Amino acid sequence: QVQLVESGGGLVQVGGSLRLSCAASGRIFTINAMRWYRQAPGKQRELVAQITSDGTTRYEDSVKDRATISRDNAKNEVYLQMNSLKPEDTAIYYCNADVQYYSGSPNFLYWGQGTQVTVSS
């Protein structure tokens, strides 16, 4: 199986920055898309950013000018740099990944356990 472990969350002041990391390990041939989601209290989980295996990115509108998603394919890791943080960025941040077990296999979706980001004013 595959495990995704997020790190880098914490408490940050308004206007501050955080860099979240997510490391995938286990039975991995290749990872296609990797994503960051977040879920604030009482709200649905929402997609924050996505990066494909060729580096194509897309962002949720509210973070578009403040977030950068990147990945290290050799390490099976994905990162999310968030700047100019706002209280509304407070949420649990989850990564997920589309994993192939072998060449030509279908994608299997895995999620991490989440990391809390709290932005205080």
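Listed here are the residues, each with its yes/no results for (1) open to solvent by 40 Å² or more (accessible area, probe 1.4 Å); (2) out of contact with any Gly (no Cβ under 7 Å at 6 or more places or on another chain).
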{"site": "ASP54", "(1), (2)": "yes, yes"}
{"site": "ASP65", "(1), (2)": "yes, yes"}
{"site": "SER70", "(1), (2)": "yes, yes"}
{"site": "ASN73", "(1), (2)": "yes, yes"}
{"site": "LEU80", "(1), (2)": "no, yes"}
{"site": "THR90", "(1), (2)": "no, yes"}
{"site": "TYR93", "(1), (2)": "no, no"}
{"site": "ALA97", "(1), (2)": "no, yes"}
{"site": "GLN116", "(1), (2)": "yes, no"}
*Name the residues in region 1-18 that are within 19 Å of ALA74 (Cα to Cα), assigned to a strand (DSSP E or B) and open to solvent by 40 Å² or more (accessible area, probe 1.4 Å), would you?*
GLN3, VAL5, SER7
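The values are calculated or read from the model by the stated rules, or taken from the named source; none is laboratory data. Keep in mind that this is a model prediction, so the values were computed, not measured. FYI the Cβ positions are ideal-geometry reconstructions off the backbone, even for glycines, and counts take in every protein chain you see. SASA here: full protein model, heavy atoms, side chains in, ligands and nucleic acids out. Shrake-Rupley method; radii C 1.70, N 1.55, O 1.52, S 1.80 Å.
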